[in-house]
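Before I ask anything, here is the structure I am working with.
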Amino acid sequence: MKLKKNIPLIDQHDKFGFWGGKFGGSFIPETLKKPVEDLTKEFHKLRKNRNFIKKRDFYFKNYIGSPTSFIKLENLSSHLGGAQIWAKVVSEANGGAHKIYNATVHALICKAMGKKYIVGDTGAGYAGKMLSMAAKKFGLKCKIFMGAKDIKRQKPNCDAMRRNGAEIVPVYSGSQTLVDAVSECMRYWVSNCDNTHMCVGSTVGPNIFVKICGWSTAQISRELKIQLKKEFKKIPKKIKLINCVGGGSSAYGFWSEFIDYDKKNIELIGVEAGGPKKSKLHAAPLSRNAKIGILHGAASYVCQNSEGQIQDTESISAGLDYPGVSPIHCFLKDTKRARYTYATDEAALNAYKMVTKFEKLNPSLEPSHAFAEAIKIAPKLSKDTILIVNSCGDAKKDRDILKDRLGKY
Amino acid sequence: MNNSLINQSFKKAKKENRPALLTYTVAGDNTKKKSLEILKSISKYADICELGFPHNTPIADGGQIQTSAYRAIKNGIKINDVFSIVSKFKKFRKDKPIILMGYYNMIYQYNENKFIKKCKKSKVDGLIVVDLPHPENKIFASKCKKNKINFIQLISPTTSNLRLKKIIKDSHDMIYYISMLSTTGGKLKVSPKRIIKEYQKIKKLNKSKNVVIGFGITEKTIKLLKKADGLVVGSAICKEITKSIKKRQNTVTNVTNVVKKLNNKIK
C-alpha cells in the first residue's frame, strides 16, 4: 500500500472506489446505484468546469469569508515553553466551522443537478446548520437528520437550523447520535432520490461523498500554504499539523496540500475522541485499533463487536462521536503518513480551559481534542518546531456542556 | 442450479397457477426459539422463507424491520444461532427453501468463505445481501454458485437498462425486484399496474429467471400483483409480531394467520 505523489488523495482510489485496495468503496443498496452514479458523473464534470470553479471561489471568498486567519498563540506558547503553537482559525468561516465548505459545494451541485430538495445528517449540529444556511442562500428546501441525544446537547445549532427554515428530523433509533442520523438520512435518500440531493456531512459514506467533501475542505490547506510562505518566507522545516478526527473532513482539508511532503518535514497528527477517562467506550477507531468493517456504505476501521454489530460510542464532543472514520484516514494510517492518537473528554476540557485562559480563541470541544495533543507535546519540542492546530469550530454550540462541566461559559 | 429447491418452489406455484409466496422474518425475533417456531408454522403457507440475520445499522430497512432486528439483537441473537435455526428448520422441512438476508458487514466479519461453508452445511438455499450491489458482488456471487447457493440479485426502479441486462446475465435462479423507491415497509406509492409493467420488462429479457416483487406488499395490495412469479411480504409480518407482543398474544398463531390470509389472497 503506497501513496502516490502529485495526485490528490481523494483521487487515489481504484475503479471500485477503494483506497489502498481495501478502504472506501460503495456498499449501497441497488436503488442508490443510479443516483450515486449520476452524482459521480456530475461532480467529475463540474470540478473540471471553469465556471463552476469560479462560482465556488466566489462563494468561498464572499460568502464563507476565505481566507480564515493564521495566528501565533504567543501566550500559550510562552506558557508551555518548547514549540511555537499556531492556529488556523477556521471557526472564523461563516457559520463558525469548516462544515460550511462542504455544505456550500453540495448546495451548488444540487442546483446544478436541478434538484430542489437537499437533506443531510449532523452530529454536533454544525453540518446541519451550515447545510441549512447554504440551502437558504441558494433557495433549496432542506431537511436535517439529527440524533435525539444530539438535539438536546447542541441546542444553539438546532435553533440556528430552524431559523434558517430547515426541518430537523429527530432520530430515535439506536444510540440517538450521529451514527443513527446518518443511517436515517440514507434511508430517506433511498426513498426520495428522484428529486432530492443528499449531502453527507463528512469525508465518510460511499466513495463519491468522501471525494466531494475532501475536495471542498481542501480550501483550508490551500490557504494555509500561502499563509505559511507569507509568514516564514518559505515552508518551515519542522511543522506538525494537528487536527481532531471524527469523520475526518477538517483533518483532510487541513492536510491535503501537505501530504506529498516528507513526514520528517511536515508531520500529520490526527486526534480522535477517547471518551470519558473511566469509560470503556470511545470514538477512536484509528488510534484504538478497531477492525475494518462496513458502515454507511464504505469500508473503514469501525468500532464494532466480533459479530459486526456497530458499537456504541461515547464522547463529550458530538462532532467526533462516530464509530467509523473516513477511508482516506485509514489509508493515511496504514501508509504511516499520518499518526493518530486520542484525547479523553477530560483532556479536551482542560485544553479548552487553558486555551481560553491564555488566548482570545474559543475552540469548540472538537478542536479542543487537537489542542490537548498540542499542549501535551509542545514542551518537549524545540523552539523552531511549528505546531499548527486547526481550530475548526467555535464553542458557542457547546455553551450548555461547558457550563455544566466547567461551571462557566 | 436448475433443480434447486428455489426453482422447484416456483415451478410448483406456477403449476397451481399462482405466484409463490415468500415471507421474511428476522432470526431471533423475538427469541431464538420463537423465531424457529414461527418459521415452522408459517412454512405451511409460504413457498420460500427468507430469514434475516439482523444488523444494528440497517440502512435500507424501514421502521418495522428495524424494530424486529433491534429486538432480536437485544435478545442475544448471534450469527451462529441463525445457522442453527436454519439447520433445525431444515430437519423439520427439508423441501422448503430458506434464503438468508442481511448486510455485508456481518458476512465480512464472519469471513466470506467461512460464511458460505456454514450456509452450505446448514442447507441455506439462497442469499440476499442488501448492500453488496452488482458488479461489486460478482466474486462473492460466483463463490455462492460454486457451493450451490443462489445469490439473489436485486433490481430497483432506478436500475438503468444497461445495468439491468448485466445484472440479469449474472443472476442465478431468482431475481428480486424492488417495487418502488423506498426502504422496506413503506406505503406502496406506485400503482400496481406500473410495478407489473416494470416487472414485465425484466421478464422479457430472460423468461427463465424467477422474478419476485417485494417492498410495500400487504394483505391489501398482494392480490393486485398476482401476475408476478413470486411476492415477498416482510414488514407486514414483522409488524404483526410487534403487535402480538404488545397485546401479549401468541405470536406464532397470529403471524401464521397473517401468512394464511396472504396465501388465500393469491390462490
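Can you tell me which residue among A:K353, A:K357, A:K397, A:K383 is free of Cβ contacts under 8 Å to residues at least 12 places away in the same chain and either more than 25 Å from B:Y108 (Cα to Cα) or touching a strand residue (DSSP E or B) at 6+ places or on another chain (Cβ under 7 Å) (or both)? Can you show your working first?
Details: A:K353 fails: free of Cβ contacts under 8 Å to residues at least 12 places away in the same chain; A:K397 fails: free of Cβ contacts under 8 Å to residues at least 12 places away in the same chain; A:K383 fails: free of Cβ contacts under 8 Å to residues at least 12 places away in the same chain.
Residue meeting the stated conditions: A:K357.
Another question, if that's okay. Among the residues of segment B:85-93, is there at least one that is among the polar types (S, T, N, Q), free of Cβ contacts under 8 Å to residues at least 40 places away in the same chain and surrounded by fewer than 20 Cβ atoms within 10 Å (Cβ to Cβ)?
Filtering segment B:85-93 for residues among the polar types (S, T, N, Q) gives B:87.
Cutting the leftovers down to free of Cβ contacts under 8 Å to residues at least 40 places away in the same chain gives us B:87.
Subsequent filtering for residues that are surrounded by fewer than 20 Cβ atoms within 10 Å (Cβ to Cβ) retains B:87.
Yes, there is a match, as at least one residue in segment B:85-93 is among the polar types (S, T, N, Q), free of Cβ contacts under 8 Å to residues at least 40 places away in the same chain and surrounded by fewer than 20 Cβ atoms within 10 Å (Cβ to Cβ).
Something else now. Can you tell me how many residues within segment A:11-63 are in contact (Cβ under 8 Å) with a residue 60 or more places away in the chain, more than 14 Å from chain B (Cβ to nearest Cβ), more than 26 Å from A:M133 (Cβ to Cβ) and outside any loop (DSSP other than H, G, I, E, B)?
Total meeting the criteria: 2.
Further question on the same structure: Can you report the number of residues in segment B:41-66 which are in a helix (DSSP H, G or I) and more than 9 Å from chain A (Cβ to nearest Cβ)?
Initial filter on segment B:41-66 (in a helix (DSSP H, G or I)): B:41-42, B:63-66.
Right, trim to more than 9 Å from chain A (Cβ to nearest Cβ) and you get B:41-42, B:64-65.
Selection size over segment B:41-66: 4.
Within segment A:165-183, can you find the residues that are among the β-branched types (V, I, T) and out of contact with any strand residue (DSSP E or B) (no Cβ under 6 Å at 6 or more places or on another chain)?
The initial filter retains those residues of segment A:165-183 that are among the β-branched types (V, I, T), namely A:168-169, A:171, A:177, A:179, A:182.
Answer for segment A:165-183, where residues must be among the β-branched types (V, I, T) and out of contact with any strand residue (DSSP E or B) (no Cβ under 6 Å at 6 or more places or on another chain): just A:V179.
Hey, any hits in segment B:186-194 for a residue that's in contact with a strand residue (DSSP E or B) (Cβ under 9 Å, 6 or more places away or on another chain) and either farther than 23 Å from A:V190 by Cβ or in a loop (DSSP other than H, G, I, E, B) (or both)?
No, there is no match, as no residue in segment B:186-194 is in contact with a strand residue (DSSP E or B) (Cβ under 9 Å, 6 or more places away or on another chain) and either farther than 23 Å from A:V190 by Cβ or in a loop (DSSP other than H, G, I, E, B) (or both).
Continuing with this model, one more query. Quick one: which of A:I118, A:I100, A:I144 is away from every other protein chain (no Cβ under 14 Å), without any contact (Cβ under 8 Å) to a residue 60 or more places away in the chain and in contact with a Ser or Thr (Cβ under 8 Å, 6 or more places away or on another chain)? If you could, list the steps in order and put the result at the bottom.
Numbers: A:I118 fails: without any contact (Cβ under 8 Å) to a residue 60 or more places away in the chain; A:I100 fails: in contact with a Ser or Thr (Cβ under 8 Å, 6 or more places away or on another chain).
Testing whether each residue is away from every other protein chain (no Cβ under 14 Å), without any contact (Cβ under 8 Å) to a residue 60 or more places away in the chain and in contact with a Ser or Thr (Cβ under 8 Å, 6 or more places away or on another chain) leaves just A:I144.
Something else now. So which of A:G319, A:G253 is assigned to a loop (DSSP other than H, G, I, E, B) and not aromatic (F, W, Y)?
Values: A:G253 fails: assigned to a loop (DSSP other than H, G, I, E, B).
None of the others qualify; the one that does is A:G319.
Out of segment A:297-332, which residues are away from chain B (no Cβ under 13 Å) and without any contact (Cβ under 8 Å) to a residue 60 or more places away in the chain?
First, the residues of segment A:297-332 that are away from chain B (no Cβ under 13 Å): A:314-321, A:325-332.
A:E314, A:S315 - these are the residues of segment A:297-332 that are away from chain B (no Cβ under 13 Å) and without any contact (Cβ under 8 Å) to a residue 60 or more places away in the chain.
May I pose another question? Mind listing whichever residues of segment A:83-109 are closer than 21 Å to A:N195 by Cβ and either surrounded by fewer than 24 Cβ atoms within 10 Å (Cβ to Cβ) or at pLDDT below 95 (or both)?
A:L108, A:I109
Where residues in segment A:2-22 are farther than 17 Å from A:F43 by Cα and touching a Ser or Thr at 6+ places or on another chain (Cβ under 9 Å), which of them is surrounded by the most Cβ atoms within 10 Å (Cβ to Cβ)?
A:G20
Please determine whether any residue of segment A:205-224 is farther than 28 Å from A:V89 by Cβ, part of a strand (DSSP E or B) and touching a residue at least 40 places away in the same chain (Cβ under 8 Å).
Looking for residues that are farther than 28 Å from A:V89 by Cβ, part of a strand (DSSP E or B) and touching a residue at least 40 places away in the same chain (Cβ under 8 Å), one finds none in segment A:205-224, hence no.
Considering only segment A:64-82, state which residues are buried (at least 16 other Cβ atoms within 10 Å of the Cβ), of a type in the set (S, T, Y) and either part of a helix (DSSP H, G or I) or modelled with pLDDT under 95 (or both).
Answer for segment A:64-82, where residues must be buried (at least 16 other Cβ atoms within 10 Å of the Cβ), of a type in the set (S, T, Y) and either part of a helix (DSSP H, G or I) or modelled with pLDDT under 95 (or both): just A:S77.
Okay, residues lined up against (1) surrounded by fewer than 20 Cβ atoms within 10 Å (Cβ to Cβ); (2) at pLDDT 95 or above:
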residue	(1), (2)
B:M101	no, yes
B:K114	yes, yes
B:K120	yes, yes
B:G126	no, yes
B:V130	no, yes
B:K138	yes, yes
B:I149	no, yes
B:K187	yes, no
B:R194	yes, yes
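Across segment B:86-103, which residue is farthest from the other protein chains (Cβ to nearest Cβ) among those that are farther than 14 Å from B:Q153 by Cα and touching a strand residue (DSSP E or B) at 6+ places or on another chain (Cβ under 6 Å)?
Keep residues of segment B:86-103 that are farther than 14 Å from B:Q153 by Cα, which gives B:86-98.
From what's left, touching a strand residue (DSSP E or B) at 6+ places or on another chain (Cβ under 6 Å): B:86, B:97-98.
On the way: B:V86: 17, B:P97: 22, B:I98: 20 Å.
The residue in question is B:P97.
While we're looking at this one, here's another question. If you go through segment B:75-101, how many residues are assigned to a strand (DSSP E or B) and in contact with a Gly (Cβ under 6 Å, 6 or more places away or on another chain)? Before you say what the answer is, go through the steps one by one.
Let us first name the residues in segment B:75-101 that are assigned to a strand (DSSP E or B), namely B:98-101.
Retained after the next criterion (residues that are in contact with a Gly (Cβ under 6 Å, 6 or more places away or on another chain)): B:99, B:101.
Adding up the residues that qualify gives 2.
Going through B:L100, B:L5 one at a time, which residue ends up being farther than 29 Å from A:Q309 by Cα and aliphatic (A, V, I, L, M)? Quick ask: steps written out before the conclusion?
On the way: B:L100 fails: farther than 29 Å from A:Q309 by Cα.
One residue alone meets the criteria, B:L5.
If you take the residues in segment A:154-199 that are in contact with a helix residue (DSSP H, G or I) (Cβ under 6 Å, 6 or more places away or on another chain) and part of a helix (DSSP H, G or I), which one is farthest from A:D404 (Cα to Cα)?
A:V190
Any idea which of A:S221, A:S256, A:S249 is crowded, with 24+ Cβ neighbours inside 10 Å, within 18 Å of the chain's Cα centre (by Cα), hydroxyl-bearing (S, T, Y) and at pLDDT 95 or above? Before the answer, list the steps.
Values: A:S221 fails: crowded, with 24+ Cβ neighbours inside 10 Å; A:S256 fails: crowded, with 24+ Cβ neighbours inside 10 Å.
From the options A:S221, A:S256, A:S249, the qualifying one is A:S249.
The values are calculated or read from the model by the stated rules, or taken from the named source; none is laboratory data. Small disclaimer: the values here were computed from a predicted structure and weren't measured. All Cβ positions, glycine included, derive from the backbone under ideal geometry; neighbour counts span all protein chains shown.
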